[in-house]
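The values are calculated or read from the model by the stated rules, or taken from the named source; none is laboratory data. As the structure is a prediction and not an experimental result, all values here were calculated from the model. Positions of Cβ are generated from backbone atoms using ideal geometry, with glycine treated the same way; all protein chains shown enter the neighbour counts. All accessible areas refer to the heavy atoms of the entire protein, side chains included, with ligands and DNA or RNA removed. Shrake-Rupley method; radii C 1.70, N 1.55, O 1.52, S 1.80 Å.
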Amino acid sequence: VLQLGNLVFEANPDNEDGSVITSAEELELLSDILGVSSDEILQSLTVRTVATSRETMQALRNTSNAKETRDALAKEIYAATFDWLVVAINDATCAEKNYKGEEKPEKFGVIALLDLFGFESFENNYFEQLCINHANERLQKKFTE
């Protein structure tokens with residue numbers, strides 16, 4: 001994900017509507033990490049493809065759009081990695097999946113994580129924020145008892 005941020009885009013000297021990646025070494029390293037050819041990465045970040053039922057059209061992305069596409073790809077990779085990690089942790093800590101025998105699942109302990117940031121400071125606190133803060137405090141009390 002971080003390697004994507006190292007890509008540098010500049011206007012295409014041959015076509016001012018398009019962009020190119022000028023950091024060739026960074027692109028090659030990203031290609032090795034992802035297992036995707038550098039040409040495919042370049043194409044996916046600098047060209048937008050629209051397919052209809054009858055035809056496929058391609059439009060060049062300017063530097064700004066190419067950077068936005070890069071950032072969107074990084075966010076998507078991060079989200080997919082996070083989702084995978086949550087599933088892997090849940091599978092590894094799931095009593096029903098990891099312990100065989102006569103024991104009933106109700107007898108297993110529970111691990112609960114509560115992530116509360118407490119009261120937030122806004123310029124204007126409205127009733128909705130008061131309700132959210134109250135609910136957070138009640139949850140925190142329940143889990144810390």
Scanning segment 55-91 residue by residue, those under 18 Å from Leu30 (Cβ atoms) and either among the acidic types (Asp, Glu) or not in a helix (DSSP H, G or I) (or both) turn out to be Arg61, Glu68, Asp71, Glu76
If we ask which residues in segment 13-66 are open to solvent by 50 Å² or more (accessible area, probe 1.4 Å), in contact (Cβ under 8 Å) with a residue 12 or more places away in the chain and of a type in the set (Lys, Arg), their number turns out to be 1
